[in-house]
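Trainee: Quick one: the structure is below, questions incoming.
The values are calculated or read from the model by the stated rules, or taken from the named source; none is laboratory data. All figures in this text were calculated on a predicted structure; none of them were measured in a lab. Cβ coordinates were reconstructed from backbone atoms using ideal geometry, including for glycine residues, and neighbour counts include every protein chain displayed.
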Amino acid sequence: MNKQSLPYTVVFSFIVCFVFVFLLSLTHQATSELVQLNQELRQQRAVLRALAVDFETDDQIRALFADIEAVEYDDMTLYRVQRGGETLYARIFAGSGVWGTINGVLGVDREVTRTVGLEIIDHNETPGLGGRIDEPWFKQQFTDKPLLDGRLEVVREGGTEGQDGKVDAVTGATGTSRSMQTILNRELERLQSVLGGEA
Amino acid sequence: MLQDMFMKQPIMRKVVYSLVPIYLFALYMYGWRLLALSAVVFPLGILTEYIVERSRGKKVSEAVLVTCMLFVLILPPAVPLWIAAIGIIFGVFFAKELYGGFGRNIFNPAISARIFVWISFPALFANGFMIPGAFGAAGEAGVDALSASSPLAVLDSGATPEFLDVLLGFTGGSMGEASAVLIILAGIYLVATKTAQWRLIVGTLLGAGALMSALYLSGVSPNYPPQYAIFSGSILFVAVFMSTDPVSAPKKPLSQWLYGFLIGSVAIIIRNVGGFPEGTSFGVLLGNVFASLLDEIMPARKKPSKPAAAKKKAEVSA
Amino acid sequence: MSDAAKAPGAIMKQNLWTSNPIFMQVLGICSALAVTNLLSNTMIMTIGVVFVTAMSSLTVSLLKSLIPRKVRMVVQTLIIAFYVIIVDIVLRAYLPEISRNLGPYVGLIITNCIIMGRAEAFAQSNGPVLSFWDGMTSGMGYMGVLLTIALVRELLGFGSLFGFQVLPAGFEPWIIMVMPPSAFFLIGLIVWIGKTIMHRQGEPVLEGE
């Protein structure tokens, strides 16, 4: 058979494509559920962290997340949880950082007088500089942080522990810190507009 | 012994002379910090060049003294000594010797050194500024964030520093950049002795000044009045000592204008819009990148311009 | 290629050293700059490359007598893409964190010239076993260099190795080491050191391709 002929080439190309794509589809099918689960888990973990719910294993995440209600306010999806007689809310946000979008979850109390927690889902900030917003020390600052006039300030000089409405910036990362301040305050305003309105 | 180690480069020596008053002024402002940094930078810079050049069978260039001196003067005073050490070794080795030593480097070694350590350790740089004066005693006495910061940072925060202070240099900042008067005098000396090309200096200042005025007048950056912006920060220092570096600057008159303009405007863009407080070093590096290209695309002249020819001769005689 | 060069040992020496894809042929530089700031990411990524080069060389070699000349390149690309997507899917399903850190770079293994280069230069004209071996050692030559770069970058940029803090807490991380430009300096140094050693050993040095 002439392997350089047009019919052979067409048939061969078709078979090769078919076989490889078929195998790929099989693999994709076999793992798609797992991939989906991973993504859900990621989001659930972030929401739980922002609401300062403790967990250890992945199973716990699923169990705990079952207690959380997703509620719609206007166009916003808020995650609501009851804890210690209080109602806490969290919302997934997106905003522009220095290099790209910063995605995260911010948790607040019912009256939006304090933040409950912050979790970063993903970001493209400079690793080791702005990227340090993803480090525990930065995020822990938002655990039960009272707000000042409903706002947050990211302070460059640091030493803000115990001060209302102020958190330490990442040293050297002026741009990212400024972006975080903008994103978070805009987020707080939105939360206030929906939560504050409903007395 | 020392005579054998260095090649003679009269041009470079003149640059060193012109830097002496600025160095002394910095000594008054920051005292032992300047001496300590010099004690680290000079031996390491010379040693790095010596080791590489020895394997080539050549002598150390006097240009390395200029590199070391400039590098010390563009450091913040309280920067840790080991950072200065890393910087100068990197600058001399990567930016100069790897390209083939004196006369072949594309990038200005002092600026490369500064940028490398600056990007690596931004926090230590930001905290490296001190209150100047009284041979460093003022700085050691206590740290007051605002008065230790450079006039640029003061402007950034919306306040206005005393213009006379800015002009005379009694302000914070990197060690050598403060005194506008001394830098201008050094510039005049360098141009008068044909050591530096005036087009490069004026081009850089024009580029910076024009863009700065435009940004100020259009209200984009109302915190930076142009007269301050020229005399604060390192624009003047960079215009006089960095953009005039005979090795990394272009040789044709028109490309020299463009080169200076590029450095000045990039510096201002980064200063006003970018994440870094000052952008002159980036401006110089970017200018360096385009230097040979600018020379290449300029129409050929009938005969080489005088300064370029003089420089060639100086290199040959060296 | 002479018969002597086709001995497995000789192939390995070539791919790991005398014509190392990174520092002799200067291939695959993009990923060498981008994903080498953490050892664990680099490790996973380069294992992926080893797998893809080995398997695609094997497959190309098996199919070589069947492939019409006209569509040779297209079929090679298809085969490579197939293995790359497999790696991507497996990472996403079983190592989601690392998959996220690597971002688009797993998909970009497809564009890694080393793989296509080996398929075209070696697998197309050699037997399956030898091709598999050639692909694997090529990938390992790439892996060796990338891990060396990552070792320096993670040590200086984070003070850790494979995520374990090895330098004392007072260590000031070099932020530039975390960013891609530092890999340029390091690759340059590695090329320099590699070529110098080869000159000393009297190997004929390949001056780039």
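Trainee: Name the one entry in C:Leu151, C:Leu155, C:Leu161 that is closer than 21 Å to B:Trp82 by Cβ, more than 11 Å from every other protein chain (Cβ to nearest Cβ) and buried (at least 16 other Cβ atoms within 10 Å of the Cβ).
Mentor: C:Leu155
Trainee: Would you check which residues across segment C:169-189 are among the small types (Gly, Ala, Ser), more than 14 Å from chain A (Cβ to nearest Cβ) and assigned to a helix (DSSP H, G or I) and list them?
Mentor: C:Gly188
Trainee: Name, by its number, the condition in (1) hydrophobic (A, V, I, L, M, F, W, C); (2) buried (at least 23 other Cβ atoms within 10 Å of the Cβ); (3) farther than 30 Å from C:Val152 by Cα that does not hold for C:Ala32.
Mentor: (3)
Trainee: Can you pull out the residues in segment B:252-272 that are surrounded by fewer than 22 Cβ atoms within 10 Å (Cβ to Cβ) and modelled with pLDDT under 80?
Mentor: B:Asn272
Trainee: Continuing with this model, one more query. Going through segment B:116-126 one residue at a time, which ones are under 11 Å from B:Leu75 (Cα atoms) and buried (at least 24 other Cβ atoms within 10 Å of the Cβ)?
Mentor: Selection gives B:Val117, B:Trp118.
Trainee: Taking segment B:204-220, which residues are among the hydrophobic types (A, V, I, L, M, F, W, C) and assigned to a helix (DSSP H, G or I)?
Mentor: B:Leu205, B:Leu206, B:Ala208, B:Ala210, B:Leu211, B:Met212, B:Ala214, B:Leu215, B:Leu217 - these are the residues of segment B:204-220 that are among the hydrophobic types (A, V, I, L, M, F, W, C) and assigned to a helix (DSSP H, G or I).
Trainee: What about C:Met136, is it in contact (Cβ under 8 Å) with a residue 24 or more places away in the chain, touching a Phe, Trp or Tyr at 6+ places or on another chain (Cβ under 7 Å) and more than 11 Å from chain A (Cβ to nearest Cβ)?
Mentor: no
Trainee: So A:Asp54 passes all but one of these: (1) within 15 Å of A:Thr143 (Cα to Cα); (2) surrounded by fewer than 19 Cβ atoms within 10 Å (Cβ to Cβ); (3) within 14 Å of the chain's Cα centre (by Cα); (4) not small (Gly, Ala, Ser). Which condition number does it fail?
Mentor: Unmet for A:Asp54, out of (1) within 15 Å of A:Thr143 (Cα to Cα); (2) surrounded by fewer than 19 Cβ atoms within 10 Å (Cβ to Cβ); (3) within 14 Å of the chain's Cα centre (by Cα); (4) not small (Gly, Ala, Ser): (3).
Trainee: A further question follows. Look at segment A:151-176 and say how many of its residues are part of a loop (DSSP other than H, G, I, E, B), away from chain B (no Cβ under 14 Å) and either at pLDDT 80 or above or crowded, with 17+ Cβ neighbours inside 10 Å (or both).
Mentor: Number of matching residues: 4.
Trainee: Scan segment B:95-106 residue by residue and report those that are over 18 Å from the mean Cα position of the chain (by Cα) and outside any loop (DSSP other than H, G, I, E, B).
Mentor: Selection gives B:Glu97, B:Leu98, B:Tyr99.
Trainee: Moving to a separate point now. Under 25 Å from B:Glu278 (Cα atoms) and not in a helix (DSSP H, G or I), is that true of B:Val20?
Mentor: no
Trainee: Still on this structure: List the number of the failed condition for C:Gly9; all other conditions in (1) assigned to a loop (DSSP other than H, G, I, E, B); (2) within 15 Å of C:Gly141 (Cβ to Cβ); (3) of a type outside the set (Ser, Thr, Tyr) hold.
Mentor: (1)
Trainee: What is the one condition in (1) among the basic types (Lys, Arg); (2) under 28 Å from C:Met198 (Cβ atoms); (3) within 14 Å of chain A (Cβ to nearest Cβ) that C:Lys13 does not satisfy?
Mentor: (3)
Trainee: Can I ask one more? Consider B:Ile89 carefully, then state whether it is part of a helix (DSSP H, G or I), within 13 Å of C:Trp174 (Cβ to Cβ) and in contact (Cβ under 8 Å) with a residue 40 or more places away in the chain.
Mentor: No, not satisfied.
Trainee: Tell me the residue from A:Ala90, A:Ala63, A:Ala46 that is more than 14 Å from every other protein chain (Cβ to nearest Cβ), of a type in the set (Gly, Ala, Ser) and in contact with a strand residue (DSSP E or B) (Cβ under 6 Å, 6 or more places away or on another chain), please.
Mentor: Result: A:Ala90 is the single residue among A:Ala90, A:Ala63, A:Ala46 that is more than 14 Å from every other protein chain (Cβ to nearest Cβ), of a type in the set (Gly, Ala, Ser) and in contact with a strand residue (DSSP E or B) (Cβ under 6 Å, 6 or more places away or on another chain).
Trainee: Mind telling me which of the residues C:Leu58, C:Leu39 ends up being buried (at least 21 other Cβ atoms within 10 Å of the Cβ), away from chain A (no Cβ under 11 Å) and touching a strand residue (DSSP E or B) at 6+ places or on another chain (Cβ under 7 Å)?
Mentor: C:Leu39 is the lone residue from the list that is buried (at least 21 other Cβ atoms within 10 Å of the Cβ), away from chain A (no Cβ under 11 Å) and touching a strand residue (DSSP E or B) at 6+ places or on another chain (Cβ under 7 Å).
Listed here are the residues, each with its yes/no results for (1) surrounded by fewer than 22 Cβ atoms within 10 Å (Cβ to Cβ); (2) in a strand (DSSP E or B).
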{"site": "A:Arg80", "(1), (2)": "yes, yes"}
{"site": "A:Arg91", "(1), (2)": "yes, yes"}
{"site": "A:Trp99", "(1), (2)": "yes, no"}
{"site": "A:Ile102", "(1), (2)": "no, yes"}
{"site": "A:Gly107", "(1), (2)": "no, yes"}
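Trainee: Something else about it: List every residue pair whose Cβ atoms lie under 8 Å apart, where the two residues are 6 or more positions apart in sequence or sit on different chains, the first residue falls within segment B:109-130 and is at the interface with chain A (Cβ under 10 Å from one of its Cβ atoms) and farther than 11 Å from C:Ile175 by Cβ, and the second residue, located anywhere, is surrounded by fewer than 21 Cβ atoms within 10 Å (Cβ to Cβ) and of a type in the set (A, V, I, L, M).
Mentor: Qualifying pairs under 8 Å: B:Asn127/B:Ala78.
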